[in-house]
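Undergrad: Mind looking over this structure? Questions follow.
The values are calculated or read from the model by the stated rules, or taken from the named source; none is laboratory data. No experiment lies behind these values; they were computed from the predicted model shown. All Cβ positions, even for glycine, are placed from backbone atoms using ideal geometry, and neighbour counts span all protein chains on display. Surface accessibility is based on the protein's heavy atoms, side chains included, excluding ligands, DNA and RNA. Shrake-Rupley method; radii C 1.70, N 1.55, O 1.52, S 1.80 Å.
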Amino acid sequence: MPNPLKDNPNWLVVRDRALVPAGAWARGRGAWARERRDWVVANDPVYGGLRRPGRPEAIAAGGTFLLLALFVLFLALFQWNWLRGPIGNWASAKYDREIELNGDLDVNLFSWTPSAQVRGLRIGGPDWALERDTLKIADAQVSVRLGPLLAGRLEMPIVQITRPEVVLISLADGRKSWLLDPDKPETDDALKLPPINRLIIRDGRLSLSNQKRDINLEATISAREGSDGGAGFHLEGQGTMNGTPLRLEVRGGPFINIRRDRPYAFKAELSGVGSTLIADGSITRPFDLGQFTATLSLQGRDLADLYLLTGITTPNTPPYRLRGTLKRDDTLFTFNDFSGRVGTSDLSGDLKVDKVGDRRRVEADLRSRLLDIDDLATVLGARPTVTASGDTVASSGAGAKLLPTAPLNVERLRVMDGTLRYRAARVKRNELDIRQVHLGADLKDGILKLDPVSFDFNRGSLNGTARINANRATPYTTADFRLRGYPLESIVPARDGAPTVTGAALGRAKLEGPGASVHDFAANSSGTISLVVPQGRMRSAFAELLGINVTAGLGKLLSGDTGSSEIRCAVADFTVRRGTATVRTFVIDTTPVLAKGTGTIDLGAETMNLRIDGETKQPRLIRLWSPITVVGSLTAPKVGVEAGAIAGQIGIGAALGALINPLAALLPFVDPGLAKDANCGALISSAR
């Protein structure tokens, strides 16, 4: 019977080796190595050439030694200054500006930390800014670590710069002097330098001129070692921004033993155009300005001024004071959990600013626990006025004008996109009795959509949307607002402790037109405006006076009668053309009187000229047939009667009394009371 173990030759080899003593097996391996060596000595031509070099081998070895010797001699005698001209000419041709090395150039390559020293470096400005050099350095010394460099990493043990002068010029058309390759697309990438263990800057100067934002700044820069008060990094500058003083200060610790994994603390303060920004934080990875975290405090007279400092478009506001956490992650900035006050209102929320494509995008989620409505009016274009007590009172900015005249800055809306959400949980006591506010906005490619615009009153609400096209030279706005259930007693003040009129008003304003401000938009708008009161009650005295009922109306007023009459319906429907609202339907139907009106409202001049004719529904003995007139400013209209009509009525009565009978003189004042109830359903339907 076959044996698989004995019949397998590999197993036999393993078995035989296992039976050989360890020492014998080791001696066998040594013999094999000697045999291999003897074979190499006898047969390998390379080994043979090295042991017994012939003529070719000798020539090759001698040539190699000579080249090495010449290379060492070249390095010993080489003057790096010989390359100053070629380097300057090459760089000047590549970047299309003058670049010169006017001082000594020293390079030390034979070290574990190769180093270079450059003196008299000059980089001129572009052809449109030749009068000022972009960069001049008296002396610069730089060293790198050889080991990390061979592994593809750049680490600098020391960088020492003496008397650097930097000039940065930015024109209104976007050209920048510091861009060596202007044809390359510009990015918002932050300055990122390789790790530097020690950075020393002596007597540095920085000059900045930004025509687009009207900024001029002159600053000094230094980075010193030591333990005294002057040690550390200091950047201090002064100048102007938009004609107002500008000040910049940045401070940090000495650049000694700086490590990439150890945050570098700094404090910066920027003041200009009535605003102050203070940041206290740290750069997450030193020399990578694209990563930092700081506590940011900002305050000023108007948030809109921050555009000049930050490039972020914000609405006009009263004086503000905010504080929160600012973080940067390359192009993404976040300002989270901030809180403070804007005017007399509290404000908190989160803000995110990012770069999407070639446009900046802002997303804001804002909240107020208690809003002062005057502060919100400032956002809509009114001008804030701070009283002696510190409260903010908003005005239209145009004397007695009702609508704000502050223009919308369309250029700022065109350079960014974004969304806004704002809620006010409560509103301070106000004349309009607004209780809550909810606003939403979306800005995309120069189109601003406001949705929703919502105000909740004690009773009723105002809701609407608006679309503003800021791509035109003059913004074009389309707006649609609806009023629901607003109490009339909040519009018409009470008299003698009793309400003059009660009821819930419904309304709609649907307008469109050009205009840079709310006032200009209204002055140029077209569309419709309607106001409807489905039912309510009115003081009987005033209801009678709609028909100029002397005996009933004046009698009740003089006697202090607080009785009321039913308002069956009231409808005011206007057609608007180029800022002039013309009455299409004007009816006030009460139990005793049916009144109809005509006239116009000039939204540009903010004046009205209305005439109301009343007809009684019951016979009246004494009634003056004269229309009521409402004329003058929207903010302070004057109510009266047409004196000419009354005089004519009295004149007719006097003539009849003289010619016929004294009783006939009363005929012009007698009203048979033939007015009928209005068709309220049809009127309300047409107004909507």
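Undergrad: In nm, to one decimal, how far is the R163 label point from the D350 one, both placed 7 Å along Cα→Cβ?
TA: Between R163 and D350, the simple spin-label model gives 5.3 nm.
Undergrad: On the Cα set of the range 404-514, report Rg and Dmax in Å, please.
TA: Expressed in Å, the Cα Rg and Dmax of the range 404-514 come to 17.1, 56.
Undergrad: Step through the table entries K136/K192; K136/K212; K212/K428, compare each Cα-Cα distance with 29 Å, and write down the pairs that go over it.
TA: In this structure, K212/K428 exceed 29 Å between Cα atoms.
Undergrad: To continue, here is another question. Taking the Cβ-Cβ separation of R323 and T582 as r and a Förster radius of 60 Å, what is the calculated FRET efficiency to the nearest 0.05?
TA: The value I calculate is 0.70.
Undergrad: Got a sec to turn the phi values of the range 198-214 into Karplus ³J(HN,Hα) couplings, 6.51 cos²θ - 1.76 cosθ + 1.60 with θ = phi - 60°, whole Hz, x for Gly and Pro?
TA: Rounded to whole hertz, the list is 9, 10, 10, 10, 10, 6, x, 9, 10, 10, 10, 9, 10, 6, 5, 9, 6.
Undergrad: Working with all protein chains in place, sort D480, D106 by solvent-accessible area computed with a 1.4 Å probe, largest first.
TA: The most accessible residue leads, giving D106, D480.
Undergrad: Any idea what % of Cα-Cα pairs in the range 324-385 are farther than 15 Å?
TA: 59 percent
Undergrad: How much of the calculated P(r) for the range 255-367 lies past 19 Å, in percent of all Cα pairs?
TA: Taking all Cα-Cα pairs of the range 255-367, the fraction more than 19 Å apart is 49 percent.
Undergrad: Would you compute the Debye intensity of the range 142-182 from its alpha-carbon atoms alone, equal scatterers and no solvent, and pass along log10 I(q)/I(0) at q = 0.19, 0.25 Å⁻¹ to two decimals?
TA: For the range 142-182, the Cα-only Debye profile gives -0.74, -0.81.
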